[in-house]
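Here is the structure we will look at, set down as structure tokens.
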Amino acid sequence: MAGRAPSLEAIGMTKVFGPLVALDEVSIKVEAGSFHALLGENGAGKSTLVKCIMGFYSADKGQVRLDGQEVSIRSPRDARANGIGMVYQQFTLVPCLTGAENLVISRADAPAIIDWAKEKKHLEAFMAEMPFRVPMNTPVSSLSAGEKQKLEILKLLYLDQRFMILDEPTSVLTPGEADEMLGLLGGMADRKEITVLMISHKFREVKAFCDHFTVLRRGRFTGAGDAKTVSVPDMSAMMIGDTAIRERAARKKHNEGADRLELAGLFAEDNDGLPAIKAVNLKVKAGEIVGIAGVSGNGQSALVEALSGQRPLSDGGIYINGEFFRPKRGSFDRYKVFGLPEEPLKNATVPRMSVAENLAFRSFDKPPVAKLGWWMSPGPMREKAKELIAKYRVKTQGPDAPIETLSGGNVQRAVLARELSGDVDVLIVANPCFGLDFASVADIRSQIMEQRNRGAAVLLVSEDLDEILELADRVAVMSGGTINYVARIEDTDRNTIGQHMAGH
């Protein structure tokens, strides 16, 4: 396979959707055998660019050159015919079929009646050339996330697609699985067997595995360079431009605080009646951030739902300052428990209600908004909303705008404005920065740290291990619905955490 890696160049790519210019004369050059990173904030145009290269979109202007020759790509079938393939964030495998069956049915020329003796002989010869192996006769549903991701890559190689586009390929992997997979692909690129273009937001992986990078911002090319020599702050500056970045609050040293939040033997079932969380035990002290790490689907979402009252507990109890806590509105108010759930537009707001109304969910039945215990006064509600919008830098047309018209980052800010505007004793946040731009991430992480410094007990559930390593005082790892490892951040490391995330 050596020497078969293609080069790809997109020149002057332009794509317009109505009034939105998603791509404005964007060019990118990916050398043969390189491991190239495509960087940019949410909405920068990365996905639009690769969808034009893959033929999902037809560019309004521009051309794609493969090995120096212009190619016409009008559909994903054209991309495949030219040896261009993509591994998506979500797996595209058929779970009930084996690895071998998934590979064979992916071929455009797959026969209606398959001669499995012949196909398995071809697969054995193919696998003998591969740098990694995956069980071929096992149903995909029983494979680990790392094995599924490898199978997605093997599928591209099996289809002879030597130019690989990887869209956030490590988002479902443990750190060990991520490093192993990227290392193997890097080795193949070094041997000129493949060329890789990777969309990523993880600077650590870009610095460790990529050789070049290109940055987009608001649909335009803003920079490129050597990933090994250009610093992370310089890459960040290309991504965000002149946007002011809020500095994270310094970690304040506390004396050993009392246990404020205790999860005692929590059990809960999923929607099918099967165990979702099992014997979850954890304590969080005042003035401490405990980060819960884990690969997606290991009970973290069910735990947050149980703590917020959205999923009933089948056993166990939640205690705050030693008192039993029942997750209902009155108890949240009494014990000063606040939170930012996953997907706040869906789980923490009423999309068609105004920003002011959503910001009043905690206070609509209290003075000055409520009078005589039941009469709501819109004036004080709007004034309070204006104050919070300014304080938390929520970008909106005004307090009367429906909250669904805000960007993802501004919905997060609005919910945090509501949840952090009073005295906070317990803060529960789940994937608070997922899919947000660089400036919003810095702002939200700073606010979480400020609450910790004020003495709140913070439970941070995140699938971003870098976020936990940055913010948390202690880390707890969730695997198979239970917590199997707890350690102070200074007493552990990425590899140890990754092993426990994998269930070892």
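The values are calculated or read from the model by the stated rules, or taken from the named source; none is laboratory data. Everything numeric here is computed off the predicted structure, so don't read it as measured data. Counting neighbours? That spans all protein chains shown, and the Cβs are built from the backbone with ideal geometry, glycine included.
Structural remarks
- Single match in I403, I448 (criterion: under 16 Å from F361 (Cα atoms), assigned by TED's automatic domain parsing to the domain that holds G322 and hydrophobic (A, V, I, L, M, F, W, C)): I403
- Where A208 falls short, out of the listed (1) of a type in the set (A, V, I, L, M, F, W, C); (2) surrounded by fewer than 16 Cβ atoms within 10 Å (Cβ to Cβ); (3) modelled with pLDDT of 90 or more; (4) in a loop (DSSP other than H, G, I, E, B): (4)
- From the options G422, G480, residue that is modelled with pLDDT under 85, touching a strand residue (DSSP E or B) at 6+ places or on another chain (Cβ under 8 Å) and either over 16 Å from I289 (Cβ atoms) or crowded, with 22+ Cβ neighbours inside 10 Å (or both): G422
- In segment 130-145, the residues that are closer than 16 Å to T92 by Cβ and free of Cβ contacts under 8 Å to residues at least 40 places away in the same chain: V134
- Residue list for segment 90-106, restricted to those being at pLDDT below 90 and surrounded by 13 or more Cβ atoms within 10 Å (Cβ to Cβ): F91
- For segment 279-305, a residue qualifies if it is more than 21 Å from the chain's Cα centre (by Cα) and either over 18 Å from T482 (Cα atoms) or at pLDDT below 95 (or both), and the qualifying residues are K285, A286, G287, E288.
- Test result for E129, of a type outside the set (V, I, T) and more than 26 Å from C210 (Cα to Cα): no
- Within the span defined as segment 132-149, every residue fails to be buried (at least 17 other Cβ atoms within 10 Å of the Cβ), aliphatic (A, V, I, L, M) and over 16 Å from N102 (Cα atoms).
- Filter result (farther than 17 Å from A442 by Cβ and either within 19 Å of the chain's Cα centre (by Cα) or in the same structural domain as F438 (by TED's automatic domain parsing) (or both)) within segment 217-239: none
- Comparison of I489, I497 shows that the only residue that is surrounded by fewer than 21 Cβ atoms within 10 Å (Cβ to Cβ) and either closer than 26 Å to A145 by Cβ or among the hydrophobic types (A, V, I, L, M, F, W, C) (or both) is I489.
- Within segment 306-328, the set of residues being of a type in the set (S, T, Y) and at pLDDT below 95 comprises just one member, S308.
- Checked against (1) surrounded by fewer than 21 Cβ atoms within 10 Å (Cβ to Cβ); (2) in contact (Cβ under 8 Å) with a residue 12 or more places away in the chain; (3) within 24 Å of M449 (Cα to Cα), R334 passes all but condition (2).
- Restricting segment 160-171 to residues that are outside any loop (DSSP other than H, G, I, E, B) and touching a Gly at 6+ places or on another chain (Cβ under 9 Å), the residue that is surrounded by the most Cβ atoms within 10 Å (Cβ to Cβ): I165
- K51 vs. criteria in contact (Cβ under 8 Å) with a residue 24 or more places away in the chain, of a type in the set (D, E, K, R), under 21 Å from L166 (Cα atoms) and surrounded by 15 or more Cβ atoms within 10 Å (Cβ to Cβ): no
- Pairing residues of segment 22-41 that are assigned by TED's automatic domain parsing to the domain that holds V206 and on the phi > 0 side of the Ramachandran plot with residues that are outside any loop (DSSP other than H, G, I, E, B) and among the β-branched types (V, I, T), at Cβ distances under 7 Å and at least 6 apart in sequence or on separate chains, gives E25/T14; G33/T195; G40/V215.
- Qualifying residue in segment 366-389 (condition: on the phi > 0 side of the Ramachandran plot, surrounded by 14 or more Cβ atoms within 10 Å (Cβ to Cβ) and touching a helix residue (DSSP H, G or I) at 6+ places or on another chain (Cβ under 8 Å)): no
- From the list F338, F324, the lone residue that is in the same structural domain as G273 (by TED's automatic domain parsing) and closer than 18 Å to A286 by Cβ is F338.
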